[in-house]
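Written below as structure tokens is the structure these notes are about.
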Amino acid sequence: MAIHLIIDGYNLLGVLGHVGTTDDGERFRDSLLRDLSVYRQRKGHPITVVFDAWREKTGTEHREFLAGVEVVYTKGGEKADQVIQRLARQYGRDCAVVSSDLEIVSTARSHGAFVMKSQEFQVKLQGARKGRTQPAGPKLRSASLMLKQEEEPLPKRPDKKGNPRKLPKAIRNRNRRLKGF
């Protein structure tokens, strides 16, 4: 069964360097949705992208499908973070959440969802855009190791046994799951 991807739209646009330019916001969203459509066709994962629309006067949540990607615009007074957290609770272990927001990340992890930072997913998205199935192995491995160390530093144990050149089991398992995307 394919893992459902839930993406924090503006968070990913920020990593891509497209947030802050209000004149071209719609053009950048459309470009992102086209890239996600190509990614979905290559990988087969159902994708939901959530964008903030909480400043709008609409009282309902707006959903639409564009090129196979579900796009959710939040209702008035609701932020994308709340919708993503709700979806993470709903799907649980059957989803992966793409966001760098710590509140979203902690909620998703507590409900068993796999979490990817937006920077990690950007690498995967660029690989799909260029037609590769995966980016180069060593770059991905070092990037995921750096991100893992930023999240929670590993304790140093002088009495640790085993191969010192081998990555810790938690990081190896995370890299294995990351290869599925």
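The values are calculated or read from the model by the stated rules, or taken from the named source; none is laboratory data. Quick caveat: nothing in here was measured; it's all calculated off a predicted structure. In this analysis, Cβ positions are derived from the backbone assuming ideal geometry, glycine residues included, and neighbour counts consider all displayed protein chains.
Couple of notes before you dig in:
- Scanning region 15-38 for residues that are among the hydroxyl-bearing types (S, T, Y) and either closer than 23 Å to R86 by Cβ or modelled with pLDDT under 90 (or both) yields T21, T22, S31.
- Pairing residues of region 88-109 that are touching a residue at least 12 places away in the same chain (Cβ under 8 Å) with residues that are of a type in the set (G, A, S) and surrounded by fewer than 19 Cβ atoms within 10 Å (Cβ to Cβ), at Cβ distances under 7 Å and at least 6 apart in sequence or on separate chains, gives G92/G112; R93/G112.
- Residue within region 118-139 that is closer than 20 Å to I3 by Cα, modelled with pLDDT under 85 and among the hydrophobic types (A, V, I, L, M, F, W, C) present: yes
- Residue list for region 40-93, filter: within 23 Å of L178 (Cα to Cα), in contact with a helix residue (DSSP H, G or I) (Cβ under 9 Å, 6 or more places away or on another chain) and either of a type in the set (G, A, S) or in a loop (DSSP other than H, G, I, E, B) (or both): H45, P46, G68, A88
- Any pair with Cβ under 6 angstrom, 6 or more apart, that starts in region 158-180 at a residue that is under 18 Å from E120 (Cα atoms) and ends at one that is modelled with pLDDT of 90 or more: R177/F114
- Between K57, K75, the distinction of being modelled with pLDDT under 90, surrounded by 14 or more Cβ atoms within 10 Å (Cβ to Cβ), of a type outside the set (F, W, Y) and more than 14 Å from the chain's Cα centre (by Cα) belongs to K75 only.
- Within region 60-77, residues that are more than 18 Å from D35 (Cβ to Cβ) reach partners that are assigned to a strand (DSSP E or B) and among the basic types (K, R) with beta carbons closer than 9 Å, at six or more positions or on different chains, in the pairs Y73/R63.
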